[in-house]
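First up is the structure itself, then whatever we jot down about it.
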Amino acid sequence: MRRLYSETKYWITNSRMDQLLTKVRTLVKSTGKMVKALSDSSLKSTAIQVAVGILANWGMLITGFVMGFPSAVLPPLLGTGPGLHTSVEEASWVASIAYISAPLSCVLAGKLIDNLGRRWGLLMVNLTFAAGWLLIAAFPFSLLALYIGRLLTGTGLGMASCTASTYTVEISSVTLRTALASLTPVMMAVGTFLVYLGVLLYQESYREVSIFAFVLSISSLVLTLLLPESPLWLLSRGRAEEALQALQKLRGASAPEQVKEELDSFSSRASDEQQTTSWLSTFHNLRQPQAYKPLLIMIAYFLLSQMCGVVIVINFAVDFAYNAGIEAQAYIVALCITFVRMLSTFLTSWVCSRFGRRRPALTSGVLVCVLLILLTLAVSSLVILPPWLTSSVVLAYVLTSCVAFSSLPWSMVGEVFPTDVRGVASGIVAGIGYVASFAAVKAYPVLVLSIGAFPIFLCFTVFGFITTFFIYIFLPETHKKTLSEIEEYFKGECKL
């Protein structure tokens, strides 16, 4: 009996152990499948967001063409070769006229995308670009066509500046927002580099550059049709079902439950931001602390950044290199400047994704101040630097200045405002920035001839210090913060 009892107990114990082991194996397999599924889902979501971000910012590639076009058009206009020739005054208007239409279109585009949607705004941007570049390419020997074409492309420039960043921020997850927001300055820098590459290849003609820009505009127009609308904007309009479908597409989700938590976080904020379309209601919303505080900070940030010479480098890289003391191979140096600027935007994206906003901005600001002191001494003839060293200092200045004074302002402008005024507020900031750009681009050639390069570079240096101090005091850290947390920070309800 005892033997039978022992054998029975042994059999039961082993049987339970086998069942337990079977359950453990099943649990491990199901957990592994779940982890793999989550990993695949996360990878798919990341790939979709990156692709959508690139398509949305494809129009920013064209803004780089608009900003770098003066270096393509001025040599033929002022040269002695075949084609259209103008006076220095007329040529300066060709270079700067785009910045006249840009500020107004920034504000109007902000209201447009708040009323009609972010996707419609992107379509209008690319349509305007295509019309402007077509006019320049079709009538290269007409000064009137050149003026009108530059006005149209300037209109697209202003519209793109707030539309692309706003859309990108709203479709991005929290973990990817910093990197994807950097696509706006990245694509702008790539476009500028392509312009200077065209300048190097076609120094006596600007038609080829305008044709290429027209082709890119049409391709961007077609690709924009593939984009979903911003889920956050759809929710603010009470279109919850469409918002759910758009978010599912953006996250690569096969079922609504996979994005329900994220959609609920959007809904809790959008329910308080049901928008009306009047300018009066927009003005009322701009008076709220979560709107006017970031608005004032970003306006000051843009204005101060413009006074550090960044916009001059973008528009007059050849002349900037010459005035910095680099006379030989000015076109090659200018191409190197734009190439370094393009690399700096990629560097900004990586650095800000890893270290946040403030630390890279402050480090960049300090380095810019040191490099501007060296350049100021070089152009003053107080210190004679060899050409290779001057070239290195100029390239280092371009690399560092683009982090704090160019890429960072553009990547932040779409994320610091609440949804109900994001379009308009981004447009106001970009518009004021373009007014400053117009003043700088219009005045630079005249000031260089009248007062020389030394006072100009000295001014750049002074404002470099002022801007760095401003960043230290006022710039918030938005890295890995949700849009709700950023909004609550400006309300004074939390710290970032």
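What follows is calculated from the coordinates using simple rules that are stated; it is not laboratory data. Since this is a predicted model, take the numbers as computed values, not measurements. Cβ: placed from backbone, ideal geometry, glycine included. Neighbour counts: every protein chain shown.
May I ask you to evaluate 6.51 cos²θ - 1.76 cosθ + 1.60, the Karplus curve with θ = phi - 60°, for each residue of the range 104-121 and list the ³J(HN,Hα) values in order in whole Hz, giving x for glycine and proline?
5, 5, 4, 5, 5, 5, x, 5, 4, 6, 6, 8, 9, x, 5, 5, 5, x
Give me the distance in nm between label points sitting 7 Å out from Cα along the Cα-to-Cβ direction at THR175 and SER254, one decimal.
Once both label points are built, they end up 2.0 nm from each other.
Among PHE465, PHE454, GLY433, whose Cα lies farthest out toward the positive end of the dipole of the range 423-491, if unit charges sit on the beta carbon of Lys, Arg (+1) and Asp, Glu (-1)?
Final value for the positive-end residue is PHE454.
Please work out how much length the chain gains when fully extended from PHE355 to LEU382, using 0.36 nm per residue of separation minus the C-alpha to C-alpha distance, in nm with one decimal.
Value of the extension gain: 5.9 nm.
With a point put 7 Å past each Cα toward its Cβ, work out how far ILE466 is from SER142 in nm, to one decimal.
About 4.3 nm separates the two model spin labels.
Would you please name the GluC sites (Glu not before Pro) within the range 197-256 that are DSSP coil residues with at most 12 other C-beta atoms within 10 Å of their C-beta?
Qualifying residues, ordered by number: GLU204.
Taking 0.36 nm per residue of sequence separation and subtracting the Cα-Cα distance, how much length would be gained by fully extending the chain between LEU225 and ALA47, in nm to one decimal? The partial results should precede the final answer.
Working: separation 178, 0.36 × 178 = 64.08 nm, distance 1.86 nm.
Answer, rounded to one decimal: 62.2 nm.
Magnitude of the Cβ-charge dipole of the range 109-205, K/R +1 and D/E -1, about the Cα centre, nearest 20 debye?
Numbers: 5 positive and 3 negative charges, 40 e Å.
Using Cβ point charges on Lys, Arg, Asp and Glu, the range 109-205 gives about 200 debye.
Could you tell me the distance between the Cα centroids of the range 367-382 and the range 446-496, to the nearest Å?
First find each Cα centre; the distance between them is then 21 Å.
Please list the non-local residues whose amide H lies under 5 Å from the amide H of LEU475, H modeled 1.01 Å from N, same-chain partners needing a gap of 5 or more.
The list, which skips near neighbours in sequence, is empty: none.
Evaluate the distance, in nm, between pseudo-label points positioned 7 Å from the Cα of ALA240 and of GLU261 along their respective Cα→Cβ axes.
Placing both labels 7 Å along Cα→Cβ, they lie 2.0 nm apart.
Of the listed peptides 377-387, 440-450, what is their order by residue-averaged count of other C-beta atoms within 10 Å, with the highest listed first?
Peptide ranking by packing, descending: 440-450, 377-387.
So if we plug the beta-carbon distance of VAL370 and ILE218 into 1/(1 + (r/R0)^6) with R0 = 51 Å, what FRET efficiency do we get, rounded to 0.05?
Efficiency for this residue pair is about 0.70.
If you plug each phi of the range 193-201 into the Karplus form 6.51 cos²θ - 1.76 cosθ + 1.60 with θ = phi - 60°, what whole-Hz ³J(HN,Hα) values come out, in order, with x for Gly and Pro?
4, 5, 4, 5, 5, x, 4, 5, 7
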